[in-house]
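The values are calculated or read from the model by the stated rules, or taken from the named source; none is laboratory data. Remember, predicted model here, so these are calculated numbers, not experimental data. Because the Cβ atoms are built from the backbone with ideal geometry, glycine has one as well, and the counts that use them run over all protein chains shown.
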Amino acid sequence: MSRPSRRLLPLAVATAALPLLALPAGPAAAASYGTPTITLSAAYLSGAVAATGDPTVTVTVAQSGAPVSSLTVAATASTRTAVAGTGDVTVTGTGSARTLAVAARGVGYTDLTVKVTGLGGKTASKTLHYAASAAVQHSADSRYLTGSSDASAAVDAGDGYIVVADDESNVLRLYDRGASGAPVRTWDFSSALGVTKEIDIEGATRVGGTVYWTGSLGNNKDGEIKTARHIVFATTVTGSGATTQLALAGSSSVLRGDLINWDRAHGDRYGFAAGSAAGEAPKQVDGFNVEGLEFAPGGTTTAYVGFRAPLTPAVTGGRALLVPVTNFPSLFSGAHATFGEPVELDLGGLSVRDLRRNALGQYLIVAGSWAADDNSDPYALYRWDGQPGSQPVKLLDLPTSDAGGWEAAPDVPDLTAPGARVQLITDNGSAVLYGDGIEAKDLANPEFKKSRTTWFTVN
């Protein structure tokens with residue numbers, strides 16, 4: 001019996017007849033994903049041990065060919081885990097912009113490696129330079145204003161923002177007063193004012209849409225006469241809150257000389273000429289140094305100029321001094337200053353570090369030592385009615401064990417209201433924040449410089 005013959009199909013035909021099998025993903029598929037990208041909104045970040053609301057960094061990531069939600073971001077290494085380890089870094093968010101926060105363990109510096117991992121196992125990383133300062137009293141009520149360490153005067157900008165001056169530069173900075181972090185906006189009027197050196201801004205007050213700023217009017221710490229420090233200037237304000245804008249409205253340099261001449265004409269009662277002479281340091285009990293500026297009750301013409309030095313008499317335990325300038329706004333029209341009867345206040349041997357009035361006519365005085373080495377010397381808050389014949393009443397003693405000296409109050413609540421709270425700002429310029437022996441004002445990275453704000457209940 002014969003078998004049916006077999007026909008061999010051509011190889012190509014036979015292959016086509018077989019079902020197609022899915023090939024596993026391999027290196028070719030992985031290659032379709034690009035290398036991830038990662039950027040940090042800041043390369044330097046400062047925090048504090050036990051802080052509330054420390055500044056954060058925005059981490060922006062992407063990878064071609066991959067949905068951004070598939071990317072993971074984490075800290076993978078720390079050069080000093082005693083300051084902050086990888087477990088102290090938290091990254092939140094799933095979009096292209098993630099928020100990175102660090103909870104400090106200890107004081108000092110560390111470099112954190114921040115890595116993004118994408119599809120295909122591809123990665124990219126950046127280094128975040130991190131510094132942590134020590135824990136402070138009232139940490140839950142404290143925030144940090146970064147980018148500057150020498151806060152010296154401040155005014156309210158509305159909607160939760162403040163404008164803060166620095167006595168080591170001529171830059172004015174706009175901050176969110178409720179959050180730690182960098183300024184929202186900055187202004188430097190040095191060029192417009194014709195100065196290249198620091199004005200040593202120490203006092204400020206706001207009337208409507210105008211803010212007046214004053215230099216210390218004194219010599220520098222070495223007793224050298226620096227004319228930039230004699231400037232008083234005004235800025236106009238437009239907008240409010242985060243949209244605040246400042247513009248220079250005028251300046252004057254006559255107030256220092258007018259004060260000295262006025263005092264000389266009244267028998268050198270306060271020793272202004274001697275205290276301001278070349279070679280005399282300003283922060284002495286008989287020195288010459290202005291730190292407060294606020295308008296007298298009931299008007300916007302007479303301004304109180306508050307002195308850090310001298311005391312009167314110029315001895316330990318002396319009284320604080322205010323000198324009324326009765327035509328203060330006229331200084332910006334070219335006038336010389338005229339003066340009223342000086343006011344002497346018993347602040348327990350302390351002097352004026354800031355002076356602020358509210359719409360109710362209540363005054364808050366930040367009182368501190370006249371001395372240069374005063375970060376651990378006493379500070380106190382006083383309430384006053386602004387009348388020359390009355391004396392201030394102490395509200396509370398301020399803590400002095402933490403870094404920085406209490407320097408400014410942006411505004412004043414109703415001091416008679418139950419639970420009234422006042423926000424104060426420190427000058428941290430002379431503080432060693434990170435345990436390295438370097439004063440904050442001398443730090444190489446501006447992002448590590450910072451002042452502190454703290455809210456205090458005063459009633």
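Before moving on, here are some points about what is shown:
- The selection criterion, being farther than 30 Å from Val57 by Cα and either free of Cβ contacts under 8 Å to residues at least 24 places away in the same chain or touching a Ser or Thr at 6+ places or on another chain (Cβ under 8 Å) (or both), does not hold for Arg185.
- Condition check for Leu145: on the phi < 0 side of the Ramachandran plot, hydrophobic (A, V, I, L, M, F, W, C) and surrounded by fewer than 24 Cβ atoms within 10 Å (Cβ to Cβ): no
- Members of segment 37-63 that are part of a strand (DSSP E or B) and within 26 Å of the chain's Cα centre (by Cα): Thr39, Leu40, Tyr44, Leu45, Ser46, Gly47, Ala48, Val57, Thr58, Val59, Thr60
- Residues located in segment 365-394, provided they are part of a strand (DSSP E or B), of a type outside the set (Lys, Arg) and surrounded by 15 or more Cβ atoms within 10 Å (Cβ to Cβ): Ile365, Val366, Ala367, Gly368, Ala380, Leu381, Tyr382, Trp384
- Gly435 vs. criteria farther than 28 Å from Gly160 by Cβ and either of a type in the set (Lys, Arg) or modelled with pLDDT of 95 or more (or both): yes
- Some residue of segment 206-214 being modelled with pLDDT of 95 or more, over 30 Å from Asp54 (Cα atoms) and basic (Lys, Arg): no
- In the condition set (1) part of a loop (DSSP other than H, G, I, E, B); (2) modelled with pLDDT of 95 or more; (3) within 32 Å of the chain's Cα centre (by Cα), Gly34 is compliant with all but (3).
- Considering the conditions (1) in contact with a Leu (Cβ under 9 Å, 6 or more places away or on another chain); (2) within 18 Å of Leu145 (Cβ to Cβ); (3) of a type in the set (S, T, N, Q), Thr457 is excluded by exactly one of them, (2).
- Residue within segment 229-246 that is of a type in the set (D, E, K, R), surrounded by 14 or more Cβ atoms within 10 Å (Cβ to Cβ) and either under 25 Å from the mean Cα position of the chain (by Cα) or modelled with pLDDT under 95 (or both) present: yes
- Selection count, segment 102-153, where residues are within 30 Å of Thr214 (Cβ to Cβ) and either free of Cβ contacts under 8 Å to residues at least 60 places away in the same chain or among the aromatic types (Phe, Trp, Tyr) (or both): 1
- Selection over segment 94-108 of residues that are assigned to a loop (DSSP other than H, G, I, E, B) and either under 11 Å from Val68 (Cα atoms) or among the charged types (D, E, K, R) (or both) gives a count of 4.
- Count - residues of segment 272-290 that are within 16 Å of Ser351 (Cα to Cα), in a loop (DSSP other than H, G, I, E, B) and touching a residue at least 40 places away in the same chain (Cβ under 8 Å): 6
- Exactly one residue out of Ala66, Ala77 is at pLDDT 95 or above, in a loop (DSSP other than H, G, I, E, B) and either among the basic types (Lys, Arg) or surrounded by 12 or more Cβ atoms within 10 Å (Cβ to Cβ) (or both): that is Ala66.
- One residue alone among Val116, Val155 is over 30 Å from Gly405 (Cβ atoms) and either at pLDDT below 95 or of a type in the set (A, V, I, L, M, F, W, C) (or both), and that residue is Val116.
- Strands (runs of 3 or more DSSP E) contained entirely in segment 156-206, each with at least 1 residues that are among the hydroxyl-bearing types (Ser, Thr, Tyr), surrounded by fewer than 20 Cβ atoms within 10 Å (Cβ to Cβ) and touching a Lys or Arg at 6+ places or on another chain (Cβ under 9 Å): 185-188
- Qualifying residue in segment 260-270 (condition: closer than 24 Å to Arg356 by Cα, crowded, with 16+ Cβ neighbours inside 10 Å and either charged (D, E, K, R) or within 32 Å of the chain's Cα centre (by Cα) (or both)): no
- Residue check for Asn358: out of contact with any Pro (no Cβ under 8 Å at 6 or more places or on another chain) and either assigned by TED's automatic domain parsing to the domain that holds Glu291 or farther than 22 Å from Tyr304 by Cα (or both): no
- Residue that is farthest from the chain's Cα centre (by Cα), among those in segment 405-443 that are part of a loop (DSSP other than H, G, I, E, B) and under 18 Å from Gly181 (Cα atoms): Tyr434
- Residues located in segment 80-93, provided they are within 17 Å of Thr56 (Cα to Cα), of a type outside the set (Gly, Ala, Ser) and part of a loop (DSSP other than H, G, I, E, B): Val83
- Residue in segment 303-314 that is under 30 Å from the mean Cα position of the chain (by Cα) and among the basic types (Lys, Arg) present: yes
- Residue within segment 244-264 that is assigned by TED's automatic domain parsing to the domain that holds Ala371, on the phi > 0 side of the Ramachandran plot and assigned to a loop (DSSP other than H, G, I, E, B) present: no
- Selected residue (only one of Pro310, Pro282, Pro342, Pro297 is in contact with a Pro (Cβ under 8 Å, 6 or more places away or on another chain) and of a type outside the set (A, V, I, L, M)): Pro342
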